[in-house]
Amino acid sequence: MDQKLEELEQAIVEAEEAKRQFVRENPNGTGSKEDRMRLYNDVERARKALRDYKRMNPHLL
């Protein structure tokens, strides 16, 4: 498998784990709204990077 592809997939896993950890520590919407939005945006950015990479490199799929 392509190393860049693996890195992008790992970035998603790490971003989702950071988001889950924050949500566990701050249930019911408590905690910093800025931190919450940053974590959600990190996950979305990681997913978008993977989608873009796959779109640019269809031969890897």
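Structural remarks
- Label zone at GLU9 (point 7 Å along Cα-to-Cβ), backbone N below 20 Å, region 25-45: 43-45
- Between LYS33 and GLU16, the modelled label-to-label distance comes to 2.8 nm, taking each label 7 Å out from Cα in the direction of the beta carbon.
- Accessible carbon and sulfur surface of the chain relative to its total accessible area, %, 1.4 Å: 52
- Excluding same-chain neighbours fewer than eight residues apart, the aspartates and glutamates reachable from LYS4 by a Cα-Cα span under 16 Å are GLU14, ASP52.
- Its DSSP H runs of at least 4 residues, each contributing -39,500 (n - 2.57), put the calculated 222 nm mean residue ellipticity of the chain at -27000 deg cm²/dmol, to the nearest 500.
- Cα-centred dipole magnitude for the chain, charges only on beta-carbon of K, R (+1) and D, E (-1), debye, nearest 20: 300
The values are calculated or read from the model by the stated rules, or taken from the named source; none is laboratory data. Nothing here was measured: the structure is a model prediction, and the numbers come from that model. Virtual Cβ from ideal backbone geometry, glycine too; neighbours counted across all protein chains shown. When the accessible area is computed, the model is the full protein with side chains, heavy atoms only, and any ligands, DNA or RNA have been set aside. Shrake-Rupley method; radii C 1.70, N 1.55, O 1.52, S 1.80 Å.
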